[in-house]
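**Q** There's a structure below that I have some questions on.
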Amino acid sequence: MLSELPILPQTREFVARRQRMLIGDQWLESSSGETLDIRNPATGEILGQVPAATAEDVDRAVQAARQAFEDSAWSRMRPRDRQNLLWRLADLMERDARHLAELECLNNGKSAAVAQAMDVQLAVDFLRYMAGWATKIEGLSVEPSLPLMPDDQFHAYVRREPVGVVGAIVAWNFPLLLACWKLGPALATGCTVVLKPADETPLTALRLAELVLEAGYPAGVFNVVTGTGVRAGAALSAHPGVNKLTFTGSTEVGKLIGKAAMDNMTRVTLELGGKSPTIVLADADLQQAATGAAQAIFFNQGQVCCAGSRLYAHRKHFDNLVADIAGIANSMKLGNGLDPSVDMGPLISAKQQSRVAGYIDLGRQLGSTIVCGGEAFGPGYFVRPTVIADVDQKHRLVQEEIFGPVLVAMPFDDLDEVVRLANDNPYGLGASIWSNDLAAVHRLVPRIQSGSVWVNCHSALDPALPFGGYKMSGLGREMGAAAIEHYTELKSVLIRL
Ligand code: NAD
C-alpha cells in the first residue's frame, strides 16, 4: 500500500507509474533493461522501480546534452529568454509544490510539510535568483601593453562563456534542492546538464525533468540518468564529453570524482561532508542557543551536510544546555512524514540506520553518556534524536561525520580552546557561534576554518551567499556570483587593429 495517509491523486499516479529516464527528447528504459528498487523509508516498503542506467545510457545522455549545447535553439538563445525560462520553471515548481513535497516525503522520508516550506520553496527561490544572473553575465575590456609591438593598436576583451556539458551527481538528503543548485547556474549561463540523482531518491529528479520540458526548454538541455553511483555515476564522472562535474555527496566519493575529472581535465566542484561545530559562548541567550543547537542537529533527521553535529558549550552552561537540548529531543514525535504532527521522520535507508546506530553503540562501548535517545527502531528506518556527552575530542564520534540525529557535546573554558577544538577536525563546511558579545564574535569568525559561519542561527543558506567547504568539505562554491564563475570559462580576445 502506498500510504494510508492522504496524498494528492497526482502523487499517487506518479509513484504508480513505470518510470523512465529522460535522454534528449525520449523517455527511456535502461539499455540493459535493469531496474533499481526505490523504497519508502517510513515503512521500508518498495515504492517502485527506476531504470538502472548503464555506461551506454550515460554516453547517450552526454551526447544529447552536447547536441543541445551546440544547437542554435539553445546556444543562441538570448539571456533574457534564458532568464524567462528559468523563471517559468520556478513557477511550475511552485504550482506543484505540494506534489513535489509529497514525492520527496515518500522517497526520502522527510516531512512533507517541511519539504514544501523548505526544500521546494528554497529551490524555487534559488532558481529565481539564478534567473536574474542570466542577464548579468559580463566579460571585460582591457587596455593591452604588448611591449614588442609598440606601434600597433589593439582592442582586447574577455568573454565569459558557458562551460558546456555539465555532469551533476547529487546526494539523497535534499534530492530536489541539490538538483536545483546545479541546474540553476547551469541553465542561467547556457550550459546543458546530465543529472544523476542519488540511487535512493530519483523521483523528484524525474518529475523535475517533466517540468523542464513543460517550461519549454529545448530537448537535450536537461537529461536525467537514474541508477547506481558505481555504474552510472562513475560513467558520468569519467566521460570525456563532460566539461564540468558538479558533485554533492560524501568526501570519499568526492575524491573518486575529483580524480576521474583530472584525467579529462574536466572542471570540477565538490560539495562534501561536514562535522560542523555549534559554539555557545558564556554570554549566549541560553534558550535561543538550546533551540538553535537542537534544530542545527535534528533538522532533516541530522542528514544535513552542515548539521551542527559537535556542540562546544562554555563550561558554566554546559550541563543546563545539554539538559535543555535533551528535553527538546525527548519531546520530538517520530513517524511518517506525511503526518503533519510528526517532528522527525526516518533515516534514508536500513544501511544508514545501522551506520548511525553503530556510532551510538561505539559511544556506549567507550563509556560515553547517552544523555537521550540512542535507540533505532522499525518498521522503517528510525533513530531517536540522540545526545552523547563525555566524549573525547580525538575519538571517531567527534572526528567523523555520522549523518544522523546524533549530537556529541563537550565543554570548553576559553576562546582559544574552542577555536582549537572547532578546527581540530578534517571538515570545514559550517560553524555557528551563539553569543551577543560582538567583539568576541568578530574575534572568532576569522579564526574558524569553515566555508560558512552563522551567528545566532545555523545552516541558514541564502542564494546570494557562496556555500562550500574548507578542507575535506570540498572544492569551489555554490550559490552567489561564485556559482556563475564555476559554470563559465574565460576567453581572452586580442584584436590587432
Ligand atoms: P554518496 O557520496 O554516497 O553519494 C552521492 C552521489 O554520488 C549519489 O548520486 C551516488 O549514486 C553517487 N556515487 C556513489 N559512488 C559513486 C562513484 N563511484 N562515482 C560516481 N558517483 C558515485 O553520498 P550520500 O550518502 O548520498 O550523501 C551523504 C553525503 O553527502 C554526506 O557526506 C553529506 O555531508 C554530503 N552532502 C554534502 C552537501 C554539501 O553541500 N556540502 C550537501 C548534501 C550532502
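**Q** Please find, among SER450, SER459, the residue that is touching a Cys at 6+ places or on another chain (Cβ under 7 Å), under 30 Å from ALA179 (Cβ atoms), of a type outside the set (Lys, Arg) and assigned to a loop (DSSP other than H, G, I, E, B). Full working, then the answer.
**A** Working: SER450 fails: touching a Cys at 6+ places or on another chain (Cβ under 7 Å).
None of the other options fit; the residue is SER459.
**Q** Now a separate question. Please pick out the residue among ASN320, ASN264 that is surrounded by fewer than 24 Cβ atoms within 10 Å (Cβ to Cβ), touching a His at 6+ places or on another chain (Cβ under 8 Å) and not aliphatic (A, V, I, L, M).
**A** On the way: ASN320 fails: touching a His at 6+ places or on another chain (Cβ under 8 Å).
Result: ASN264 is the single residue among ASN320, ASN264 that is surrounded by fewer than 24 Cβ atoms within 10 Å (Cβ to Cβ), touching a His at 6+ places or on another chain (Cβ under 8 Å) and not aliphatic (A, V, I, L, M).
**Q** Looking at the structure I just gave you, is GLY292 more than 13 Å from the ligand (Cβ to nearest atom), under 27 Å from GLU104 (Cβ atoms) and part of a loop (DSSP other than H, G, I, E, B)? Outline the logic, then answer.
**A** Working: more than 13 Å from the ligand (Cβ to nearest atom): yes; under 27 Å from GLU104 (Cβ atoms): yes; part of a loop (DSSP other than H, G, I, E, B): no.
Judged against the criteria, GLY292 is not a match.
**Q** Of ALA483, ALA439, which residue is outside any loop (DSSP other than H, G, I, E, B), closer than 28 Å to ARG128 by Cα and out of contact with any strand residue (DSSP E or B) (no Cβ under 6 Å at 6 or more places or on another chain)? Talk me through it step by step, then tell me what you get.
**A** Values: ALA439 fails: closer than 28 Å to ARG128 by Cα.
Sole residue among the options that is outside any loop (DSSP other than H, G, I, E, B), closer than 28 Å to ARG128 by Cα and out of contact with any strand residue (DSSP E or B) (no Cβ under 6 Å at 6 or more places or on another chain): ALA483.
**Q** Identify all residues within region 1-34 that are farther than 26 Å from ARG66 by Cα and outside any helix (DSSP H, G or I); write none if there are none. Quick ask: steps written out before the conclusion?
**A** Applying the first criterion (farther than 26 Å from ARG66 by Cα) to region 1-34 yields 1-18.
Matches in region 1-34: MET1, LEU2, SER3, GLU4, LEU5, PRO6, ILE7, LEU8, ARG17, ARG18.
**Q** Taking region 440-497 on its own, how many of its residues are under 27 Å from ALA422 (Cα atoms), free of Cβ contacts under 8 Å to residues at least 12 places away in the same chain and away from the ligand (no atom under 16 Å from the Cβ)?
**A** 2
**Q** Same structure, new question: Limited to region 192-207, what total is found for residues that are touching a strand residue (DSSP E or B) at 6+ places or on another chain (Cβ under 8 Å) and either surrounded by 24 or more Cβ atoms within 10 Å (Cβ to Cβ) or aliphatic (A, V, I, L, M) (or both)? Let's see the steps before the verdict.
**A** First pass over region 192-207, keeping only residues touching a strand residue (DSSP E or B) at 6+ places or on another chain (Cβ under 8 Å): 192-197, 199-203, 205-206.
Then keep just the ones that are either surrounded by 24 or more Cβ atoms within 10 Å (Cβ to Cβ) or aliphatic (A, V, I, L, M) (or both); that gives 192-197, 201-203, 205-206.
Selection size over region 192-207: 11.
**Q** Picking from LEU245, LEU270, which residue would you name as being more than 19 Å from ASP59 (Cα to Cα), assigned to a strand (DSSP E or B) and within 10 Å of the ligand (Cβ to nearest atom)?
**A** Numbers: LEU245 fails: more than 19 Å from ASP59 (Cα to Cα).
Sole residue among the options that is more than 19 Å from ASP59 (Cα to Cα), assigned to a strand (DSSP E or B) and within 10 Å of the ligand (Cβ to nearest atom): LEU270.
**Q** Tally the residues that are at positive phi and touching a residue at least 60 places away in the same chain (Cβ under 8 Å), restricting the search to region 19-78.
**A** Selection size over region 19-78: 2.
**Q** Pick from region 155-213 the residues that are acidic (Asp, Glu) and farther than 21 Å from SER250 by Cα: which of them is nearest to the ligand (Cβ to nearest atom)?
**A** Applying the first criterion (acidic (Asp, Glu)) to region 155-213 yields 161, 199-200, 210.
Of the ones still in play, those that are also farther than 21 Å from SER250 by Cα are 161, 210.
On the way: GLU161: 26, GLU210: 20 Å.
Selected residue: GLU210.
**Q** Those residues that are out of contact with any helix residue (DSSP H, G or I) (no Cβ under 7 Å at 6 or more places or on another chain) and not in a loop (DSSP other than H, G, I, E, B), I need them from region 363-409; list them, please.
**A** ARG364, GLN365, THR369, PHE377, PHE382, VAL398, GLN399
**Q** While we're here: Just a yes or no: is a residue in region 228-239 away from the ligand (no atom under 15 Å from the Cβ), buried (at least 21 other Cβ atoms within 10 Å of the Cβ), in contact (Cβ under 8 Å) with a residue 12 or more places away in the chain and not basic (Lys, Arg)?
**A** Taking region 228-239 and keeping what is away from the ligand (no atom under 15 Å from the Cβ), we get none.
No - not one qualifying residue is present in region 228-239.
**Q** Moving on. Give me the residue from region 342-358 that is in contact with a strand residue (DSSP E or B) (Cβ under 6 Å, 6 or more places away or on another chain) and farther than 19 Å from GLU104 by Cα and, out of that set, surrounded by the most Cβ atoms within 10 Å (Cβ to Cβ).
**A** Applying the filter and picking the extreme gives VAL356.
**Q** Just checking, which of ALA290, ALA284, ALA307, ALA294 is crowded, with 22+ Cβ neighbours inside 10 Å, closer than 26 Å to SER452 by Cβ and touching a His at 6+ places or on another chain (Cβ under 8 Å)? Write out each step before concluding.
**A** Values: ALA290 fails: touching a His at 6+ places or on another chain (Cβ under 8 Å); ALA307 fails: touching a His at 6+ places or on another chain (Cβ under 8 Å); ALA294 fails: touching a His at 6+ places or on another chain (Cβ under 8 Å).
One residue alone meets the criteria, ALA284.
**Q** Any residue at all in region 50-62 that is aliphatic (A, V, I, L, M) and surrounded by fewer than 20 Cβ atoms within 10 Å (Cβ to Cβ)?
**A** Checked region 50-62: at least one residue is aliphatic (A, V, I, L, M) and surrounded by fewer than 20 Cβ atoms within 10 Å (Cβ to Cβ).
**Q** How many residues does region 32-47 hold that are of a type in the set (Gly, Ala, Ser) and either touching a Lys or Arg at 6+ places or on another chain (Cβ under 9 Å) or more than 27 Å from ARG60 (Cβ to Cβ) (or both)?
**A** Let us first name the residues in region 32-47 that are of a type in the set (Gly, Ala, Ser), namely 32-33, 42, 44.
Cutting the leftovers down to either touching a Lys or Arg at 6+ places or on another chain (Cβ under 9 Å) or more than 27 Å from ARG60 (Cβ to Cβ) (or both) gives us 42, 44.
Count: 2.
**Q** Still on this structure: What pairs come out if I take residues in region 427-439 that are more than 14 Å from the ligand (Cβ to nearest atom) and pair them with residues that are acidic (Asp, Glu) whose C-beta lies under 6 Å away, six or more apart or interchain?
**A** SER435/ASP283; ASN436/ASP283; ASP437/ASP283
Computed from the coordinates by the stated procedures, all read-outs in this text should not be read as laboratory data. Note that the structure is predicted; figures quoted are calculated from it, not measured. Every residue, glycine among them, receives a Cβ derived from its backbone with ideal geometry; neighbour counts consider all protein chains shown.
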